[in-house]
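Structure, as structure tokens:
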């Protein structure tokens, strides 16, 4: 998360706890815990200074568009996965100890017994 003070100072911080109108954070490279309170929609520091708090998930950076190839599964892998799923439903008893791991970059499924 990033905390920006009115004078333009910006701190990267890690969120320790969050309630509806209070958060506690620890700034990067510091041992001090800072507390901020939200009053009428504005976050206020312990020094009664308004701050802007931006959580990483709120960042509006544009993401690169994915190509169609990144969504497609190779035909050989798809065929193998479908075959494995059908074979597992016929051969395995419910509650069996078989675990299948599927990796989209791999050429085959890995079976662990």
Go through segment 1-33 residue by residue and tally those that are closer than 14 Å to residue 43 by Cα and either in contact with a helix residue (DSSP H, G or I) (Cβ under 8 Å, 6 or more places away or on another chain) or in contact (Cβ under 8 Å) with a residue 24 or more places away in the chain (or both). 8
Looking at segment 71-85, I want the residues that are part of a loop (DSSP other than H, G, I, E, B) and have a partner that is surrounded by 13 or more Cβ atoms within 10 Å (Cβ to Cβ) with Cβ atoms under 9 Å, at least 6 apart or on another chain. Which pairs are those? 73/81
Being under 20 Å from the mean Cα position of the chain (by Cα), surrounded by 11 or more Cβ atoms within 10 Å (Cβ to Cβ), in a strand (DSSP E or B) and modelled with pLDDT of 70 or more: is that true of residue 35 here? no
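The values are calculated or read from the model by the stated rules, or taken from the named source; none is laboratory data. Given the structure is predicted, the values throughout are model-derived calculations rather than measurements. Please note: Cβ atoms are built from the backbone with ideal geometry, for glycine as well, and neighbour counts cover all protein chains shown.
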